[in-house]
Structures are given as structure tokens and as C-alpha cells.
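Written below as C-alpha cells is the structure these notes are about.
The values are calculated or read from the model by the stated rules, or taken from the named source; none is laboratory data. None of the values given here were measured: they were computed from a predicted structure. So basically every Cβ, Gly included, is an ideal-geometry build from the backbone, and we count neighbours across all protein chains shown. These area figures cover heavy atoms from the full protein model, side chains too; ligands, DNA and RNA do not enter into them. Shrake-Rupley method; radii C 1.70, N 1.55, O 1.52, S 1.80 Å.
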Amino acid sequence: MRLKPIKWSLYHLFTAVGAALMLYPVIWLVMSSFKQSETIFITAESLIPSPWIWSNYLDGWQGVGGYTFTTFIKNSLVIVILSTIGAVLSSALVAFGFARLKFAGKTFWFTIMMVTLMLPHDVVLVPQYILFAKLGWLNSIKPIVVPNYFGAPFFIFLLIQFIRTIPAELDEAATIDGCGKFRLFWRIILPLVAPAMATAAIFSFYWRWEDLLGPVLYLNKPSMYTVSMALKMFLDSDTLSNWGAMFAMSTVSLIPVIAVFFAFQKFIVEGISTSGLKG
Amino acid sequence: MKIAWKNHLTGYIFIGPFVLGFLIFTLVPMFASLYLSFTNYDLFSPPKWVGLDNYVKMFTGDPKYWKSLKVTFLYVVGGVPLRLLFALLIAVLLNTASRAIGFYRTMFYLPSIIGGSVAVSIMWRNLFGDEGVVNLLLQALGLDAVRWFGNPLAALWMLIFLSVWQFGSSMLIFLAGLKNIPGSYYEAASVDGANAFSRFFRITLPMLSPVILFNAIMQTIGAFMTFVPAYIISKGEGGPLDGTLLYSLYLFRQGFVFSNMGYASAMAWVMLIIIAVLTAILFKTSKFWVHYESKGDS
């Protein structure tokens, strides 16, 4: 639809003001991280810090419980990377099976997978905790990482949708040339679904980076804490008066998320539009 | 058609990870959870069978349970429609041929991508402080400041505002749906003299109704399981006066703070039933308002 000039200006004015309102809280958070702790709430209405306090970042980085944010970021990254590799690869394997192979019970398992997609996680929270406790996995990253290696329904669904757009003639040609199913998957399909795997990887990154419940349940030593848990510790400590440091580390925790968002927008938007992934 | 057993085997090797994972991490835990819901279990001594006691206590002897159920319903009923409404309005607004759309879409979506993080909950907590930005704004408008943390209903609204602020993923799904409506429908309607309002109500809404149903179901399930914001904003306790004691938070507290694993399991099963019923109601009523285009060949 093309708009007339006056309508066009009004449209942009209205939309831009809306967008600015949406972003205001985030900008407020970032700006507060440069303010003096004592003045953050006195000057809450003004966005520009005066003076600019950079030491909030140094103070905040000292962390909590004797560990710095270097440790927390490292812990988060280990969990995110191991989980993402597992979730994306295993989901691709399963998706190929559902999208391209014929076998007994396929419809049954596909239905199960779609139901699992809608199953509230709270239902299995307690027994999974007991299971991991019995396995002696408490206080390790295993309960958070290992389940990812068994395929994630959201990603399986996303990848099935994508594999279906690849012409089946390709499979037939490869099979005639004597290519087995595993070679077909690994050498031909996998490279072609790379864009969808990138989408899955980005969402896996978000969910694991922001995850709080997993670490709260399974990680009890400050040396193992993730960034999310460290922030929570900041908030909980009773002696807290260093708001600036807390806002500074909150900002730090958002930097990777926002950076990935701007770098991979296209994948994110397509992933949500086609599969309805929650963001 | 007969398929060689080897092909079946190959199929199961590929979907094997999911099948195994489903059995180990979902099916067995679900049965375990059902069994535990009839026991008292604190993780250290063996589960003690108590029959329906947990369920009876839940509904007749635990005012906090009713409070958390009520708070959660208010949160879902207050938050989900508002969130969908904003998502739809912004999607319609952004469904024009302007080069700035990508930029706007990014700005409106960004809050949702950072939405689940602890940082955002901490930020929200501070925006709504007694001397926070929201109260300054209210006072600038000549209204009274609200003690967001002193009043259970205000605290719940604070959580609802946070969820409404994060309408981005629904908006993107709506946008994709809007792009699928053929432009010729609107042109024909314009020729017939339909104004923007009747075009919206006669074409956009009916054509979009399957997407609205999908978003409504996913958002309802998601809202019912909200945990992190309530946990962070109330420092894990669900206050003030249990005003932000969302169902998931209370379940977490019963299971992992008070070590009532049996009670928490019973809560989980009631939650599953409630979500199943809500989803079924949405599906059932959908035949009155969801419009499916009859597609000839697909």
C-alpha cells in the first residue's frame, strides 16, 4: 500500500514514537550502568549520566562469592556451546529420519513429537531432578547439557519443514549412484539445511544463555554459576547498594544476546515466521 | 508395499535419539511424577503412599494454592489478550510498503529477544520502584504514584506489563500471516467501496484467524509456565502477599524449597490438565471464529 505524504509522515511519527517507547527500558538500563549508584534513582528520569562512571563495570566484574564475571561467562559459554552442538546435530538427524525415510511407526512417533512440543516442562521437572540426583549428576552441568543430545522437538519440527523444501529427486539420484542413507544425510542434506541449523543454533544460544531454572536447580557452587545466576546473586545480596555495578553486569549479560540478534536477524525472523518458535 | 526390515532399522537409527530421549526424559518421568503425586516424598527418605491426600490438601487445605491459581489465571487472562492485541496492531501497522519496516520490526522485536533474561527482570523491578521511572511518569501526568511492591494487584500488573512489552514473536508470526493474504482481496474490496475498517474486519481478521488461534494457544501455554520474571522480581518468594506467586513459582517452592516433591508432582499434573482443558476450549470454540480457506489441491 502506498501512502500520501501527510499520512506517510504521521505514520512514521507514530511508529517511531512507538519504537522509541519500546526501547526506552533497555536504554534506561544501559544508561543507568554509567551513573553513580547513589544518583540512579534520583536522576531516574534523565537518560544521560552526569558524570559518566565507568568504574561500575570494573566493580561489577569483581562478581560475587569470590568469583569474577570471567568465571561466570566462561561457565555460561561452556553450557551454551555444548548444548547447542548437541541440540542442533541430534535434531537434524531425527528430522532427516522423519522427513525422508519410510519405516513402521513413523506417524506414531511424529505425533508423539508434536505433542511433546506442547507439553509443559513443569510436569517433568520434579522426576527429572530425582533422576539426575540418583545418577549423581547434581552439581554438574550434565543435567543441563546431556538432554540436548536427544533432539529438541522445536528444532526437529523446524528442520523437517526445511528438509521438505529440498527436492526428493536429489535423494533418488544419490541413491542410484550407490549412496547410503547415512552418506546421503551427512554429505548432501546436512550442508543444504545449514541455514535452518543456524536458526536452531541461534535460538538454542538464547534459551541456554538466558536459562535460570536449570542452573538454579543443578548448580550449587558459586564456581559453577552462570551469568544469569550471578546476576540473581547480585540482586539477593543484602548488602547491596552498588546498583551501578548490578546494572553494568546486567548490560554485559545482554551484549551477546543483542549482538547475535543484529548479526543474524534474517535467520531469526525467518525461523519465527515459518515455525512459530517462541522468542 | 513391503519394506525390508533394514529400512525400518535405518529409520529408527535416525529418529533413535528422539525416541530414547522421549522415553528417558519425558515418558518415564511423567509416570514417575504421576506416582509421586500420590506420595509424600522429600528426596531423602523413601516415598510414602498417601493416596489422594496431596490433591485433597491442594483444593481444600491450602489457601496459598488457590491464591497462586487465581494469580496465574489473572496473569493469563489479563496478559495474553493484551499481548496478542498489541502484536496484531503493530503487525498491521508494519504491513506496509515502506523501506523502514525492517528497522521498525527490529525495534519492536528486540525487547522480546532479551525478554527471558534475568537482566530484564532486574531492570523491570527497578523501573517500577517507589521512585522509579514509572512512578515519576505517573506523577508528571498528575496521577498518584503506585506502590508497585506494596500492593499484590499492582505487583501482578507489573508482571503483566512486562509480558505485554514482549509481544514480538507473536507480531512476527502475524506479519508472516498478513503477507500471505492476497493483495487482490483488498483491491476488490476497495473497488466495492469498503473503507479501511471494514477491510480490516471483513478480510484481515477472518484470513488471519488460524494464525490468531495458533498464537493464542502458544501464548496461553507459555504464560501459564512463566517463572523467571516472578522469581526475580519477587526475589523468589512470590510477594507481596503472594500477589506474584505464579503457579510455576509455587510449584518450584513446594518442590525445591520445601522439599515436598509429592505435592509439587500433584501440582504439575493439575497444571497439565488445566493446560489441556484450556487448549481444548480454544480449539472447540475456534470453529465459531476461525476461518479456514478451502484449498483445492493442498
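Search the structure for amide H atoms under 5 Å from the amide H of residue B:39, placed 1.01 Å from N in the peptide plane, and list their residues when 5 or more places away or on another chain.
Here the answer is B:50, since their amide H atoms fall under 5 Å of that of residue B:39.
Would you be so kind as to list the residues of segment B:32-49 that have their accessible area lowered by at least 20 Å² in the full protein complex compared with their chain by itself (1.4 Å probe)?
B:33, B:36, B:41, B:43
Mind checking segment A:1-99 for chymotrypsin sites (Phe, Trp or Tyr not before Pro) that DSSP puts in a loop (not H, G, I, E or B) and that have at most 13 other Cβ atoms within 10 Å?
A:52, A:54
If eta is 1.567 mPa s and T is 4 °C, what Stokes-Einstein diffusion coefficient results for segment A:192-279, Kirkwood Rh from Cα pairs, in µm²/s?
87
If you take the accessible area of A alone, add that of B alone, and subtract the area of the pair, what total do you get in Å², probe 1.4 Å, to the nearest 100?
7900
Tell me, what is the per residue accessible area of segment A:1-73 in Å², probe radius 1.4 Å?
Ligands and nucleic acids excluded, the figure is 61 Å² per residue.
Roughly to the nearest percent, how much of the accessible area of the protein assembly as shown is carbon and sulfur, given a 1.4 Å probe?
Roughly 68 percent, rounded to a whole number.
Compute from the Cα atoms of chain B the Rg and the Dmax, the latter being the longest Cα-Cα distance, and quote both in angstrom.
When restricted to the Cα atoms of chain B, Rg and Dmax are 23.8, 78 Å.
Name the residues of segment A:32-69 whose accessible area falls by at least 50 Å² when all protein chains are present instead of the chain alone, probe 1.4 Å?
Residues shielded by partner chains are A:41.
For residue A:274, what accessible surface area do you get with a 1.4 Å probe? Give it in Å², rounded to 10.
100
Can you tell me the accessible area per residue over segment B:151-277, all protein chains present, probe 1.4 angstrom, in square angstrom?
35
So, in Å, what gap is there between the alpha-carbon centers of segment A:25-79 and segment B:48-98?
Taking the Cα centre of each part, segment A:25-79 and segment B:48-98 sit 33 Å apart.
Could you tell me the relative contact order of chain B? Use alpha-carbon pairs under 8 Å, at least six residues apart, and round to a whole percent. Numbers along the way, then the final one.
On the way: 306 pairs, mean separation 85.3, N = 298.
Worked out over chain B, it gives 29 percent.
For the ranges B:173-185, A:216-228, what's the packing order if you count other beta-carbon atoms within 10 Å of each residue, average per peptide, and put the highest first?
A:216-228, B:173-185
Under 8 Å for C-alpha pairs, at least 6 residues apart: give me the relative contact order for chain A, rounded to a whole percent.
This gives 32 percent for chain A.
Sum up the lysine pairs in chain B that clear both bars: alpha-carbon distance under 19 Å and a spacing of 8 or more or different chains.
Details: B:48/B:57; B:57/B:67; B:57/B:70; B:64/B:235; B:67/B:235; B:179/B:295; B:287/B:295.
Value for chain B: 7.
Where Rh is the Kirkwood radius over the Cα pairs of the protein assembly as shown, the temperature 4 °C and the viscosity 1.567 mPa s, what D in µm²/s does Stokes-Einstein return? Write out the running numbers ahead of the final one.
Details: Rh = 25.8 Å.
Translational D for this selection: 50 µm²/s.
Counting helices only, and only those DSSP H runs with n ≥ 4, report the 222 nm mean residue ellipticity of the protein assembly as shown as the sum of -39,500 (n - 2.57) divided by its residues, in deg cm²/dmol to the nearest 500. Mind showing how you got there, number by number?
Working: 28 runs with 379 residues, N = 577.
Estimated from H runs of four or more residues: -21000 deg cm²/dmol.
Just by accessible area at a 1.4 angstrom probe, what is the order of B:137, B:241 from largest to smallest?
B:241, B:137
Tell me, what does the Kirkwood hydrodynamic radius of chain A come to in angstroms if you use every pair of distinct C-alpha atoms?
On the way: mean 1/r = 0.0453 Å⁻¹.
After inverting the pairwise mean of 1/r, the radius is 22.1 Å.
Enter the angle in degrees (range 0 to 90, nearest 10) between the Cα long axis of helix A:106-118 and the first principal axis of the Cα atoms of chain A, meaning the one along which they spread out most.
10
Report the FRET efficiency, 1/(1 + (r/R0)^6), for residue B:31 and residue B:59, where r is their Cβ-Cβ distance and R0 is 30 Å, rounded to 0.05. Numbers along the way, then the final one.
Details: r = 23 Å, r/R0 = 0.77.
So the FRET efficiency works out to roughly 0.85.
Based on the Cβ-Cβ distance from residue A:173 to residue A:263, what FRET efficiency comes out when R0 is 41 Å, to the nearest 0.05? Show your work: numbers first, answer last.
Values: r = 35 Å, r/R0 = 0.87.
Step by step, r from the Cβ atoms, then E = 0.70.
Going out from 0 in 5 Å bins, what whole percent of all Cα-Cα distances in segment B:1-145 drops into each bin?
2, 6, 6, 8, 10, 11, 11, 11, 10, 10, 8, 3, 1, 1, 1, 0
For segment B:13-115, calculate the relative contact order in percent as a whole number, restricting contacts to Cα pairs under 8 Å that are 6 or more residues apart.
10
Please return the longest range in chain A lying between exposed loop sites, taking trypsin sites (Lys or Arg not before Pro), DSSP loop only, at most 13 other beta-carbon atoms within 10 Å, and leaving the sites out.
Formally, the longest exposed-site-free interval is A:165-279.
Can you tell me the alpha carbon radius of gyration of segment A:1-107 divided by the globular rule-of-thumb value 2.2 N^0.38 Å?
Normalised Cα radius of gyration, segment A:1-107: 1.90.
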